[in-house]
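Asks: Structure below; questions to follow.
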Amino acid sequence: MRKTIIITATSLAATPAVAADMQISLEIPRLRVAEYHNPYIAIWIEDEAGKAVATLDAWYDVDLKGEEAGTKWLPDLRTWWRRAGRSLRMPADGISGPTQAPGRYDLRFSEGTRPLGRLAPGSYKLRVEAAREVGGRELVTIPFQWPPRSAQTGSASGTAELGAIRLTVRP
Amino acid sequence: MFAKPTLLAAGLAVGLAAFMPHKAEAHRRWLLPSSTVLAGEGTTVTVDAAASNGLFTFDHRPMGLDDLKVIGPDGQPVQHKVIGSGEFRSVFDVPLQQQGTYRIAIANEGMSGVYTLNGERKRFRGVADQVPAGATDVRVTQNASRVETFVTLGAPTETALQPTGQGLEMIPITHPNDLVAGEEAQVRFLLDGQPAAGLEVEFVEGGTRYRDDAGIQTLTTDSDGVLTLTAARPGMYYVEASQGGGQGGPGGGEGEAPARVSSYTAVLEFLPL
C-alpha cells in the first residue's frame with residue numbers, strides 16, 4: 001500500500017544541543033466493530049538495508065501470563081517479528097508496554113539513551129506496525145536522515161489500523 | 001455422439017496408466033501445523049496428519065502416527081501427544097518448551113515385494129525375512145518415505161534441520177520458518193545424504209478446492225540438488241518428490257539388488273510481509 005509521505009524541513013535556528021532527539025506522534029483510530037481489542041503496536045527503526053537497528057516500543061498484553069500469554073500474539077506484528085521481535089526476549093526493558101486505547105500518543109526518544117541508543121549517520125526508516133485481535137494489520141513507514149542537520153518532520157498515515165503518524169527529528 | 005468421448009477417455013486412461021511413472025503413494029500425505037511461527041515462553045502446536053487428494057482437505061484417510069518423530073531445537077526427540085485418528089485425519093499436539101526450530105516428521109523405511117511359493121504368487125510387506133525358504137522369483141522394493149513440516153518458537157535455529165542421510169530429504173537453505181510470499185526460498189534435496197540432482201519436485205499452493213487450476217509447479221533441482229521455490233501468495237504450500245521405482249531382486253549374495261523408492265513431502269508456510 002502506498003502512503004503519502006511529506007518531509008518538510010522546518011527552518012528552525014539550529015539550537016546547540018548535546019543529543020539529537022526524535023519525537024513520534026501516533027494515532028490509534030477508533031473503529032466501529034463488534035469486537036474491539038486494543039491493537040498490538042511495534043515501533044522500530046530500520047537502516048537502509050532493512051535491518052532493524054532499534055526497537056523503540058512494543059505494546060502488547062504484557063499482563064497476560066500463563067498458557068495464553070500476551071506474547072503469544074506478537075508474531076501477528078509480522079514484519080517486526082521477522083526483523084526484530086523474534087530475537088528479543090520479551091518483556092524487554094524500556095520497550096515493552098501495555099496496549100493503548102484509541103487516541104493520540106506522543107513519544108520522545110533521545111540519542112544515546114535506551115532504547116534509541118546511537119545511530120550511525122545514514123538513511124533510516126521509522127516503521128510503525130499495528131495488529132489487532134480479530135482485526136487487521138498495517139505497517140506505516142517514514143524515512144528520515146540521521147543525524148538531522150535541522151529539525152525535520154515526516155508524516156504518513158495508515159488507512160485502517162493506524163491513523164496519522166508524525167516523526168520529528170531535531171539536532 | 002456420447003459414446004465416442006467416453007471411449008476416447010477410456011483409451012486415454014489406459015494409455016496414461018501405462019506411461020505413468022511408478023508412484024509409491026497415490027495420495028498426497030501431509031502434516032499441517034496450526035501455526036509455524038510462534039512466540040512466548042512455551043506453547044503448543046497442534047498438527048493434522050492426513051492422506052488426501054485436495055490440499056489441505058481431509059478427504060481420504062488419516063495418516064498413521066506410529067513413525068512420528070519430533071526433533072527439538074537441541075536435536076533431541078520431543079514427546080508429542082497423540083489426540084487420535086478419525087475417519088479422515090489424525091491429530092497430535094507438540095508441546096514447545098524450548099526456543100528454536102522443531103522438525104516434525106513421519107519417516108519410515110521398509111520393504112515390499114512379491115514371491116512365488118508352491119506355484120502361488122504372494123505379496124509381502126515388512127522385512128526381507130518374511131520371504132519363506134523355498135520361495136522363487138522374489139521381487140523386492142525398498143521404500144524410504146518422509147512426510148514432514150517445521151515450526152519455530154522464537155528465533156529460527158538450525159540444529160533440528162540436519163540431514164539424517166536416509167532416503168530423500170529436503171534440507172532448507174532459506175530457513176523453513178522464515179518464508180515470505182514473493183521472496184525466493186532455496187532448499188537442497190538429498191538422497192541418502194548426497195545432493196539429488198535433476199530431481200523433479202512438485203510445489204502446490206493449498207486451497208485446491210477453491211480453484212479450477214490444479215496449480216502444480218513442476219520444478220527440477222540443479223546439479224547440487226538445489227531448488228528455488230517462489231510462492232506468489234501467502235499460504236500453506238505442499239512439496240512432493242520421489243525417486244526410483246520398479247522392482248529388483250532379493251539382494252544379498254550375487255543376486256540382483258532390490259529396487260529403491262524414496263519419497264518426500266513437506267508442508268511449508270509462506271507468510272505475507
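Please treat every number below as a calculation from the coordinates, not as lab data. This structure is a prediction, so every number in the text was calculated from the model and none was measured. As a convention, Cβ positions derive from the backbone with ideal geometry for all residues, glycine included, and neighbour counts pool all protein chains shown.
Asks: How well do other chains shield peptide A:68-75, expressed as the mean number of their Cβ atoms within 10 Å of each residue Cβ? Walk me through the numbers on the way to the answer.
Replies: On the way: counts 2, 5, 2, 6, 6, 2, 5, 9.
Per residue, the number of nearby Cβ atoms from other chains is 5 on average.
Asks: Here is a follow-up. Go through segment B:108-196 and name the GluC sites (Glu not before Pro) that are in a DSSP coil and have 15 or fewer other Cβ atoms within 10 Å of their Cβ.
Replies: Working: sites: B:Glu109, B:Glu120, B:Glu148, B:Glu158, B:Glu169, B:Glu183, B:Glu184; in loops: B:Glu158, B:Glu183, B:Glu184.
Answer by residue number: B:Glu158, B:Glu183, B:Glu184.
Asks: Please label the shape of the protein assembly as shown as rounded, prolate or oblate, based on the square roots a ≥ b ≥ c of the eigenvalues of the alpha-carbon gyration tensor (a/c under 1.5 means rounded; beyond that, a/b larger than b/c means prolate, else oblate). Write out the running numbers ahead of the final one.
Replies: Details: a/c = 2.60, a/b = 2.39, b/c = 1.09.
Prolate is the answer for the protein assembly as shown, as a/c is 1.5 or above and a/b outweighs b/c.
Asks: Sticking with this structure for a sec: Taking the convex hull of the Cα atoms, report for segment B:105-197 its projected area averaged over all directions, in nm².
Replies: Values: hull surface 34.3 nm².
Average of the hull's projected areas for segment B:105-197 equals 8.6 nm².
Asks: Tell me whether segment B:150-273 comes out rounded, prolate or oblate; compute the Cα gyration tensor, take square roots of the eigenvalues as a ≥ b ≥ c, and use a/c under 1.5 as the rounded threshold.
Replies: Working: a/c = 2.51, a/b = 1.63, b/c = 1.53.
Prolate.
Asks: Expressed as a rounded percentage, what relative contact order does segment A:46-135 have, with Cα pairs under 8 Å and six or more residues apart? Provide the component values of the computation, followed by the final result.
Replies: On the way: 90 pairs, mean separation 35.0, N = 90.
Relative contact order here is 39 percent.
Asks: Additional query: Which distance in nm do the two modelled labels at B:Asp66 and B:Thr164 give, with both placed 7 Å along the Cα-to-Cβ direction?
Replies: Using points 7 Å along Cα→Cβ, the separation is 1.5 nm.
Asks: In Å, the Kirkwood hydrodynamic radius of chain B over pairs of distinct alpha carbons? Before the final figure, lay out each step's value.
Replies: Numbers: mean 1/r = 0.0493 Å⁻¹.
Taking every pair of different Cα atoms in chain B, averaging 1/r and inverting gives 20.3 Å.
Asks: Can you work out the Karplus-derived ³J(HN,Hα) for every residue in segment A:67-74? Use 6.51 cos²θ - 1.76 cosθ + 1.60 with θ = phi - 60°, whole Hz, and x for glycine or proline.
Replies: 4, 10, 5, x, 5, 4, 9, 4
Asks: Ignore the peptide's own chain and count Cβ atoms of other chains within 10 Å of each Cβ in B:83-95; give me the average, rounded. Don't skip to the end; give the middle numbers.
Replies: Details: counts 0, 0, 0, 0, 0, 0, 0, 0, 0, 0, 0, 0, 0.
The shielding value for this peptide is 0.
Asks: Would segment B:20-133 count as rounded, prolate or oblate if I go by the C-alpha gyration tensor, calling it rounded below 1.5 in a/c and otherwise prolate when a/b exceeds b/c, oblate otherwise?
Replies: prolate
Asks: Ok, one more. Given H placed 1.01 Å from N in the peptide plane, which residues other than close sequence neighbours of A:Phe144 have an amide H under 5 Å from its amide H?
Replies: It is A:Tyr124, A:Lys125, A:Leu126, by chain and number.
Asks: Further question on the same structure: So how far apart, in nm, are the two label points at A:Glu27 and B:Asp59 if each is 7 Å from Cα heading toward Cβ?
Replies: Inter-label distance under the simple model: 4.8 nm.
Asks: When DSSP assigns beta bridges and you keep just the ones with both residues in the protein assembly as shown, what percent turn out antiparallel, to the nearest 5?
Replies: The antiparallel fraction comes to roughly 90 percent.
Asks: Report, in degrees rounded to the nearest 10, the 0 to 90 angle that the Cα long axis of helix B:3-19 makes with the longest principal axis of chain B.
Replies: 90 degrees
Asks: So if R0 is 41 Å, what FRET efficiency would B:Arg121 and B:His175 give, r being the distance between their Cβ atoms, rounded to the nearest 0.05? Each step should come with its number before you reach the end.
Replies: On the way: r = 49 Å, r/R0 = 1.19.
According to the calculation, E is roughly 0.25.
Asks: Can you give the FRET efficiency for A:Glu68 and B:Gln247, using 1/(1 + (r/R0)^6), R0 = 60 Å, r = Cβ-Cβ distance, to the nearest 0.05?
Replies: Details: r = 53 Å, r/R0 = 0.88.
The value I calculate is 0.70.
Asks: What does chain A give for Rg and for Dmax, in Å, if only its C-alpha atoms count?
Replies: 16.0, 54
Asks: I would also like to ask the following. Starting from the 7 Å offset along Cα-to-Cβ, what nm value, one decimal, do you get for the label separation of B:Ala257 and B:Gln217?
Replies: The answer from the label model is 3.4 nm.
Asks: Provide, for q = 0.12, 0.22 Å⁻¹, the log10 of I(q)/I(0) from a solvent-free Debye sum over equal Cα point scatterers in segment B:81-152.
Replies: -0.57, -0.96
Asks: Order the peptides B:210-222, A:57-69 from the highest to the lowest mean number of other Cβ atoms within 10 Å of their residues.
Replies: Working: B:210-222: 11.6, A:57-69: 16.6.
In descending order of packing, they fall as A:57-69, B:210-222.
Asks: Return an integer: the convex hull volume of the alpha-carbon atoms of segment B:214-273, in Å³ per residue. Intermediate values should be presented prior to the final figure.
Replies: Details: hull volume 7.7 nm³, N = 60.
So the per-residue Cα hull volume is 129 Å³.
Asks: Counting only the backbone N, which residues of segment A:102-142 are under 13 Å from the spot 7 Å out from the Cα of A:Ala92 toward its beta-carbon?
Replies: A:114-117
Asks: Quickly estimate the mean residue ellipticity at 222 nm for the protein assembly as shown, helices only: each DSSP H run with n ≥ 4 gives -39500 (n - 2.57), and the total goes over all residues, rounded to 500.
Replies: Details: 2 runs with 23 residues, N = 444.
Only helices count here, giving -1500 deg cm²/dmol.
Asks: Set the Förster radius R0 to 56 Å, insert the Cβ-Cβ distance between A:Asp106 and B:Glu109 as r into 1/(1 + (r/R0)^6), and round the FRET efficiency to 0.05. Intermediate results must be reported in sequence, preceding the final value.
Replies: Details: r = 63 Å, r/R0 = 1.13.
Approximately 0.30, to the nearest 0.05.
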